[in-house]
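These notes concern the structure reproduced below.
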Amino acid sequence: MTAWLSIEQAVANQISNIKADAAKNRIRTPLDIDRAQYQACLRHITTTAIRLVQSNYNNTDQPFKPCTGVFKATTGLLYVHKIEDIKE
């Protein structure tokens, strides 16, 4: 039973650390992203997620092909078509 309690405590500590890191990540405002474009997202989602969205946007050939929904389905994040809608 002691081994089980040790494993349970280790997992609980990992979850706590992940939550703390995510909270710190939401508080910080990165200097390398367009603040105006992502203003509504700042402090609500992690900068890692914002950077992933921006990277996908930058690496997608324009003009954009019809939306397949794969990026949103696999990441749960905004896709290039939605970003274009927001910009307009």
Which lysines, on any chain, are close to residue 72 with Cα under 24 Å apart, when same-chain ones fewer than 8 places away are left out?
19, 82, 87
Leaving out ligands and nucleic acids, and using a 1.4 Å probe, what accessible area per residue does the stretch 15-88 come to in Å²?
74
Could you compute the FRET efficiency for residue 46 and residue 7, with r as their C-beta to C-beta distance and R0 at 22 Å, rounded to 0.05?
0.20
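P(r) tail for the chain, what percent of Cα pairs lie past 18 Å?
Values: 2135 of 3828 pairs.
Tail of the P(r) past 18 Å holds 56 percent of the pairs.
The values are calculated or read from the model by the stated rules, or taken from the named source; none is laboratory data. From a predicted model like this one, the values you see are computed outputs, not experimental measurements. In this analysis, Cβ positions are derived from the backbone assuming ideal geometry, glycine residues included, and neighbour counts consider all displayed protein chains. The accessibility values were calculated without ligands, DNA or RNA, using every heavy atom of the protein model including side chains. Shrake-Rupley method; radii C 1.70, N 1.55, O 1.52, S 1.80 Å.
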